[in-house]
Amino acid sequence: MSSPALLQPEPQPILACTVSRDVQLFDLLIEDMETAMGEQWGDLGFGDCMLFLEQPEAEALQFLAIALDAEDEASLDEVIALIVAAKARDIRIILVTEDVSPTALHKLLKAGGDEFVPYPLPDGELAQAIKRVTSEPEEPEIAPSRNEHNLKAKNDRSGVLIPVQGMAGGTGATTFACNLAYELSTVEKEDAPRVLLIDFDLQYGSVGTYLDVDRREAVMELITDTEAADEEAFMQATLSVHDKLYVLTSPPDIMPLDIMGPPDVERLLEIALANFDYVVVDMPTTLVEWTQTILEKAHVYFALLEIDMRSAQNTLRLKRALQSEDLPFDKLRFILNRAPGFTDLNGKARIKRLADSLGISIDVTFPDGGKQIMQANDHGQPLSSAAPKNALRKEIAKLAKSIHDVNVGEASVSTKKKKRK
């Protein structure tokens with residue numbers, strides 16, 4: 001008969017470890033790790049983990065789930081040293097953070113963090129992060145993506161910056177930004193302007209969806225390390241739509257809006273404006289620290305609203321906020337989307353009352369494009385391809401043409417003045 005010792009199953013290797021100051025502060029992390037990893041995980045403090053990495057048992061580790069809160073920022077160097085040591089052993093890093101500043105998170109991601117999950121953990125987010133870090137990397141494609149391009153940085157432009165922001169969710173700002181940028185890129189049949197569309201809604205940006213463009217890890221690398229970014233890295237992070245419009249999408253994963261600061265945005269815009277004739281920026285609805293940076297550099301700042309209470313109240317809040325800080329509110333050009341049609345006999349009066357009550361000028365009104373708009377967005381096509389005769393598409397094309405005409409006219413006047421001098 002076999003001895004009892006031989007009947008004992010071999011202990012399963014430890015495939016993952018949580019690392020924290022006190023794991024009891026992250027009880028939801030414990031529950032999710034037990035669900036995802038069973039008994040094949042352990043828990044260590046920061047110092048103990050560094051020692052454990054030197055042991056033979058650490059060879060089986062697939063990833064570390066490093067849990068941090070605001071108090072851990074005081075020992076950030078120790079955490080970064082641990083990340084560097086783990087990455088040297090090909091161990092992946094999942095960052096689980098609560099109330100950690102964007103600056104600290106930026107440093108951790110730059111040091112080698114592979115995934116970021118906020119705490120309290122959303123349902124299923126940790127399991128998805130584990131799946132991503134433990135999956136075998138896909139074989140690189142031999143053929144280039146259909147959206148790849150060979151555009152090189154030349155620093156030969158002096159671009160026009162056109163941010164677009166919705167005064168409330170669902171006002172059509174992203175649809176407008178995508179189609180305005182595309183119309184600008186096709187406004188001339190010969191010698192068309194070079195146009196870039198940037199999606200700065202880092203959390204729920206839809207530009208990639210509306211134009212059928214992949215979200216790339218290169219964008220994440222670009223925005224988290226702008227100091228190291230150059231023209232070549234910037235251009236490689238962009239993709240093309242029909243070889244006409246160039247797009248810098250939002251990152252593949254949700255990121256804090258303030259992971260970028262004003263200096264980061266300044267650097268990115270400097271590269272963009274030096275290499276494109278028009279730079280259209282789809283802004284998040286939320287105001288952030290770098291909103292001021294973009295507003296001050298903008299040539300014109302489009303704000304979309306509708307005839308509803310949400311848009312009216314938010315427009316008043318924005319107006320008060322900008323004027324109280326003595327910021328250039330006059331750069332804003334308000335567009336009323338889904339405006340009353342000509343069959344609405346009281347439509348013009350309603351628009352006038354809205355403008356008067358808010359103390360603004362509504363410069364442009366757009367018609368309701370109907371179901372064709374949603375269909376075009378869902379299929380990832382600009383309106384000029386999906387619904388060229390749509391009433392909204394026609395109005396956006398007119399606006400793009402007027403912007404281009406004004407810009408070309410001003411450039412011509414400027415050139416003549418220089419020649420006279």
Notebook entry, point to check: Shape call for the stretch 153-274 from the C-alpha gyration tensor, a ≥ b ≥ c root eigenvalues: rounded (a/c under 1.5), prolate (a/b greater than b/c) or oblate?
Noted result: oblate
Notebook entry, point to check: What are the aspartates and glutamates whose alpha-carbon lies under 16 Å from the alpha-carbon of Lys348, with same-chain residues fewer than 8 places away excluded?
Noted result: Glu306, Asp308, Asp356, Asp363, Asp368
Next item on the list: Kindly write out, for the stretch 309-322 in residue order, the coupling ³J(HN,Hα) from the Karplus curve 6.51 cos²θ - 1.76 cosθ + 1.60 (θ = phi - 60°), rounded to whole Hz, with x marking Gly and Pro.
Entry: 5, 4, 4, 5, 5, 5, 5, 5, 5, 5, 4, 4, 4, 5
Item checked: Out-of-range pairs (alpha-carbon distance over 19 Å; input Lys152/Lys244; Lys189/Lys394; Lys371/Lys401) -> Lys371/Lys401
Note to self: Given axes a ≥ b ≥ c from the Cα gyration tensor, I'd like to know whether the stretch 280-420 is rounded (a/c under 1.5), prolate (a/b larger than b/c) or oblate.
What the structure shows: oblate
Item checked: Amide H within-cut-off set for Thr171, under 5 Å, with H built and near neighbours excluded -> none
Note to self: Out of all DSSP beta bridges in the chain, what portion is antiparallel? Express it as a percent rounded to 5.
What the structure shows: 5 percent
Next item on the list: At q = 0.23 Å⁻¹, what is the base-10 log of I(q)/I(0) for the stretch 22-78 according to the Debye formula with one equal point scatterer per Cα and no solvent? Please give it to two decimals.
Entry: -1.09
Check: So what does His149 come to for accessible area, using a 1.4 Å probe and Å² rounded to 10?
Finding: 40 Å²
Next item on the list: Over every pair of different alpha-carbon atoms in the chain, take the mean of 1/r and invert it; report that Kirkwood radius in Å.
Entry: 24.3 Å
Next item on the list: Can you send over the carbon and sulfur percentage of the accessible area for the chain, probe radius 1.4 Å, protein chains only?
Entry: 49 percent
Next item on the list: Post the alpha-carbon centroid distance, the stretch 78-126 to the stretch 322-398, in whole angstrom.
Entry: 42 Å
Check: Accessible area per residue, 1.4 Å probe, Å², for the chain: what's the number?
Finding: 52 Å²
Checklist line | Estimated vicinal HN-Hα couplings, Hz - the stretch 269-277 in sequence order (Karplus 6.51, -1.76, 1.60; Gly, Pro = x) | finding: 5, 4, 5, 4, 5, 7, 10, 9, 6
Notebook entry, point to check: Packing-wise, with mean Cβ within 10 Å as the measure, how do 24-35, 109-120 rank, highest first?
Noted result: 109-120, 24-35
Note to self: What is the angle, in °, between the Cα long axis of helix 76-88 and the longest principal axis of the Cα atoms in the chain? Nearest 10 is fine, range 0 to 90.
What the structure shows: 80 degrees
Margin query: Below 8 Å between Cα atoms, with a sequence gap of 6+, how large is the relative contact order for the stretch 306-401 in percent?
Written below: 24 percent
Note to self: Rounded to the nearest 10 Å², what accessible area does Lys398 have for a 1.4 Å probe in the complete protein model?
What the structure shows: 130 Å²
Item checked: Accessible surface, 1.4 Å probe, highest first, among residues Lys394, Lys319 -> Lys394, Lys319
Checklist line | Percentage relative contact order, the chain, counting C-alpha pairs under 8 Å, at least six apart | finding: 15 percent
Item checked: Computed P(r) (all Cα pairs; the stretch 211-287; 5 Å bins; percent) -> 3, 13, 27, 29, 20, 7, 1
Checklist line | Backbone HN-Hα couplings from phi across the stretch 376-389 [Karplus 6.51/-1.76/1.60, Hz, Gly and Pro as x] | finding: 5, 5, 5, 8, x, 10, x, 4, 5, 9, 7, 8, x, 9
Check: Which Cα, out of Val79, Ala58, Pro118, lies furthest along the positive dipole direction of the chain (beta carbon charges, K/R +1, D/E -1)?
Finding: Pro118
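The values are calculated or read from the model by the stated rules, or taken from the named source; none is laboratory data. Remember, predicted model here, so these are calculated numbers, not experimental data. A quick note on method: Cβ atoms are made from the backbone with ideal geometry, for glycine too, and the neighbour counts reach across all protein chains shown. Protein only, heavy atoms only, side chains kept; ligands, DNA and RNA dropped before computing areas. Shrake-Rupley method; radii C 1.70, N 1.55, O 1.52, S 1.80 Å.
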